[in-house]
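Trainee: Have a look at this one.
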Amino acid sequence: MSRRQPQSYANHRKFVPGYHFVAFGILVINLLWALYRLVRGYPGFEMPLFDRILGVAVAVALVLVLYYARIFPLKAQDRVIRLEEMLRMERVLPADLKPRIRDLRPSHFIALRFACDEQLPELCREVLAGRLTHRDEIKKRVRVWREDHFRL
């Protein structure tokens, strides 16, 4: 059984080679080929313009299906992360920060989930003060990383 490398900012993003490189790569090549056929036609064979346009439309639809197949579950997961982090913040944050939990944006919750309980109040203060706005800025400030291996 292989042991996982400890998760950090540098390696926390998940890439699935079959999805991100193979499937996406094939569909991009298919789209480019359909666009080429639309413009140049088929050498030695005349294909109706409608068929070539339909080929491009189907290629675009396939790329969109692949994109949405990834985005829709991630959005649902982001909602669960937001709920989990709101519950954790209710438990961990000091009384003066608890009323401001709802001021955080979804991207803040997603980034703050990596902060340990001890560092969470400090980072929340900085986010709520506007000193940290982007999720990457927040993640880079995490000193003790709470790993999340359940992310899709």
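Trainee: Quick one: what are the phi-derived ³J(HN,Hα) couplings along segment 133-146, Karplus 6.51/-1.76/1.60 with θ = phi - 60°, whole Hz, x for glycine and proline?
Mentor: Result, rounded to whole Hz: 10, 9, 4, 5, 4, 5, 4, 5, 8, 5, 8, 10, 7, 8.
Trainee: Okay, moving on. Near LYS98, which aspartates and glutamates are there with a Cα under 18 Å away, not counting those fewer than 8 places off in the same chain?
Mentor: List returned: GLU84, GLU85, GLU90, ASP117, GLU118, GLU122, GLU126.
Trainee: Follow-up. Taking the mean number of other Cβ atoms within 10 Å as a proxy for protection, how do you rank 99-109, 72-82 from highest to lowest?
Mentor: Ranked by mean Cβ neighbours within 10 Å, highest first: 99-109, 72-82.
Trainee: Also: Straight-line reach from LYS140: which lysines fall under 22 Å, measuring Cα to Cα and dropping same-chain residues less than 8 apart?
Mentor: Within the straight-line limit of under 22 Å, LYS140 reaches these lysines: LYS14.
Trainee: Which value, in Å², gives the accessible area per residue of segment 1-80 when a 1.4 Å probe is used on the protein heavy atoms?
Mentor: On a per-residue basis, segment 1-80 sits at 78 Å².
Trainee: Compute the Kirkwood hydrodynamic radius of the chain, taking the inverse of the mean of 1/r over all pairs of distinct Cα atoms, and give it in Å to one decimal.
Mentor: About 18.8 Å, per the Kirkwood formula over Cα pairs.
Trainee: Roughly to the nearest percent, how much of the accessible area of the chain is carbon and sulfur, given a 1.4 Å probe?
Mentor: That fraction is 63 percent.
Trainee: Compute the orientation-averaged projected area for segment 1-70 from the convex hull of its Cα atoms and round it to one decimal in nm².
Mentor: One quarter of the hull surface, i.e. the mean projection, equals 7.4 nm².
Trainee: Which value at 222 nm does the chain reach when only helices count, each DSSP H run of 4 or more adding -39,500 (n - 2.57), with the total divided by all residues and rounded to the nearest 500 deg cm²/dmol?
Mentor: -18500 deg cm²/dmol
The values are calculated or read from the model by the stated rules, or taken from the named source; none is laboratory data. Since this is a predicted model, take the numbers as computed values, not measurements. Note: ideal-geometry Cβ built from the backbone for every residue, glycine included; neighbour counts use all protein chains shown. Surface accessibility is based on the protein's heavy atoms, side chains included, excluding ligands, DNA and RNA. Shrake-Rupley method; radii C 1.70, N 1.55, O 1.52, S 1.80 Å.
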